[in-house]
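The structure appears below as structure tokens.
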Amino acid sequence: MQQQVETEHRKYLSSLKRENRRVLAVQLSILVSFFSFWELAARKHWVDPLLFSMPSRIWDLLITRIGDGSIFTHASVTLFETLLGFMLGTGIGTLLAAVLWWSRFISKVLDPYLVVLNSMPKVALGPILIVGLGPGFTSIIAMGALISVVITTMVVFTAFREVDHNYLKVMNTFGATKHQTFKYVIFPATLPTIISTLKVNVGLAWVGVIVGEFLVSKKGLGYLIIYGFQVFNFTLVLMSLLIIAILATVMYKIVEILEKQMLKRF
Amino acid sequence: MSTLQLHDVSMAYLTKRDAMLALESISLTVEDGEFISILGPSGCGKTTLLSIIAGLLSPTSGHVTIGNKESKHAKANIGYMLQQDYLFPWRSIEDNITLGQKIRGTFSQTTKIEALKWLEQLGLADKKDLYPNQLSGGMRQRVALVRMLATNPTLMLLDEPFSALDYQTKLKLEDLVFQTLKSENKTAILVTHDIGEAIAMSDRVVLLSPRPGHIHRIFELPSEIATSLPFEARQHVHYNDQFQIIWKEMESLATTS
């Protein structure tokens, strides 16, 4: 009987593996056929290669840009701005949420303002930021942060308030101060929510930074896109887009790994 | 010296729509080392009463004294056990049981060792580095008991601490809690809606009437039942008589209200 169970288990494992392999195979073939079809379509002039470029041209451009090192400058500028904007947005948002949690009065007073700020498209504030903070990377980082700060505040504050009241009761029976309650219960209990806002904020920070670079910059992937558009070099535009896609995915994956590491206990 | 005194305690809940009287002139004296149960149908304000005793709520009128002090100023002497363990999942068992000490500022190497001794006494010494989600429900409730004992309270408040456990675990834990509290001569107040549990564990049973809760009757249990372990008390020849008496009294409450 035991033998039979073991063989069944092995069969089950190998069927799981087979399924995973099938999924991966289809995923890869979608990727490959997308790029091959694109290449083919551009070469046969089914689509205008001036507008849609072609993978081989993008590849050549990438190699040249890597050769002269210029792509690293642009990518690192954008990456730096995004990381900083993302961390500032999450950090300040969480801090604001803590203030709102601290004082019921402040949270009630600020409620309508938060709703207005949240519904407002933050990128529309771009020109104001540039005027206020100067046409440099400060305003771009501010844009990256601003776009996620209000939604982080709202989500994290709601999570703070929804911590199980019985946990708070335990703290109260020990005579805990508000500060202790926050440190020992509220913050650790909502860590999963804070981390999941990180995931959303990664995406938002990219939006803010790229729009910021569109508006004002001499460096960065957003700058390359808008420059390529202006000189009608769509190979450059598409190459920048691909780099952004790769970097954004890597960042998201890193946050996901971080999440798994930190939430083992929940 | 009596540990706990309630003087004419009343409590009203205020909401936007109305004000509801939850408790009405409750006066009660609990002696040092005594174990009493507060029994009553759901919604009679049992938990409210416990919260008032713990100093978590201020009564609308009347006052509570523990020793000679108002309960609000004597928080350090009270341990509170809830229906579920409410251990903090992100802290190890050791960190959970020393949390009360840390909050009260009494944490030291000595008090930590005391806490770990309690853990050992309840048979969980080898679990100290695990996390709550690695323990069974009964074990977790035992850890919650240790967390409470680790602050060395003189008064223990038990808010239906066995209600979320399966029957077998519940019986075992009743014995364990009873033994532990008796050996330390702790005063305890147990809130429950389980007549059998109230009889098995306590010296006196206070029956509350529903809405607004006031003391309907106090049952003094025969000492043979009061002093024996809960599991043995349940086998006692007089256990059923006591059960019948309290049952009938509760029934009469249900029909008159």
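The values are calculated or read from the model by the stated rules, or taken from the named source; none is laboratory data. Just so it is clear, the model here is predicted, and its values are computed rather than measured. Please note: Cβ atoms are built from the backbone with ideal geometry, for glycine as well, and neighbour counts cover all protein chains shown.
Specify the residue that is farthest from B:Tyr167 (Cα to Cα); the eligible residues are those in the stretch B:184-216 that are modelled with pLDDT of 80 or more and basic (Lys, Arg). So, considering only residues that are modelled with pLDDT of 80 or more and basic (Lys, Arg), the one farthest from B:Tyr167 (Cα to Cα) is B:Lys186.
Which numbered condition in (1) closer than 16 Å to A:Ile92 by Cα; (2) within 14 Å of chain B (Cβ to nearest Cβ); (3) buried (at least 23 other Cβ atoms within 10 Å of the Cβ) is the only one that A:Thr173 fails? Unmet for A:Thr173, out of (1) closer than 16 Å to A:Ile92 by Cα; (2) within 14 Å of chain B (Cβ to nearest Cβ); (3) buried (at least 23 other Cβ atoms within 10 Å of the Cβ): (1). Filtering the stretch B:1-39 to residues that are of a type in the set (Val, Ile, Thr), over 16 Å from the mean Cα position of the chain (by Cα) and closer than 29 Å to B:Phe162 by Cβ leaves B:Val9, B:Ile26.
For the stretch A:213-255, the tally of residues that are of a type outside the set (A, V, I, L, M), farther than 29 Å from A:Ile128 by Cβ and in contact (Cβ under 8 Å) with a residue 12 or more places away in the chain stands at 4. Number of residues in the stretch A:49-73 that are surrounded by 12 or more Cβ atoms within 10 Å (Cβ to Cβ) and among the β-branched types (Val, Ile, Thr) equals 3. Where helices (runs of 4 or more DSSP H) fall wholly inside the stretch A:67-172, the ranges with 1 or more residues that are within 30 Å of B:Tyr80 (Cα to Cα) and of a type in the set (Val, Ile, Thr) are A:70-102, A:137-161. If the condition is being at the interface with chain A (Cβ under 7 Å from one of its Cβ atoms), closer than 19 Å to B:Leu181 by Cβ, modelled with pLDDT of 80 or more and not in a strand (DSSP E or B), then the stretch B:56-93 contributes only B:Leu82.
Of the helices (runs of 4 or more DSSP H) lying entirely inside the stretch B:161-246, those containing at least 1 residues that are crowded, with 16+ Cβ neighbours inside 10 Å and out of contact with any helix residue (DSSP H, G or I) (no Cβ under 7 Å at 6 or more places or on another chain) span B:167-183, B:195-201, B:223-227. Does the stretch B:112-134 hold any residues that are more than 10 Å from chain A (Cβ to nearest Cβ) and touching a residue at least 40 places away in the same chain (Cβ under 8 Å), and which are they? Across the stretch B:112-134, the qualifying residues are B:Gln121, B:Leu122.
Going by the structure shown, is A:Val163 over 26 Å from A:Lys122 (Cβ atoms), facing chain B (nearest Cβ under 10 Å) and either in contact with a Pro (Cβ under 6 Å, 6 or more places away or on another chain) or surrounded by 17 or more Cβ atoms within 10 Å (Cβ to Cβ) (or both)? No, not satisfied. Exactly one residue among B:Ile36, B:Ile53 is at pLDDT 80 or above, under 24 Å from B:Thr227 (Cα atoms) and either of a type in the set (A, V, I, L, M, F, W, C) or surrounded by fewer than 19 Cβ atoms within 10 Å (Cβ to Cβ) (or both), and that residue is B:Ile36. Scanning the stretch A:47-61 for residues that are charged (D, E, K, R) and closer than 17 Å to A:Val231 by Cβ yields a count of 2.
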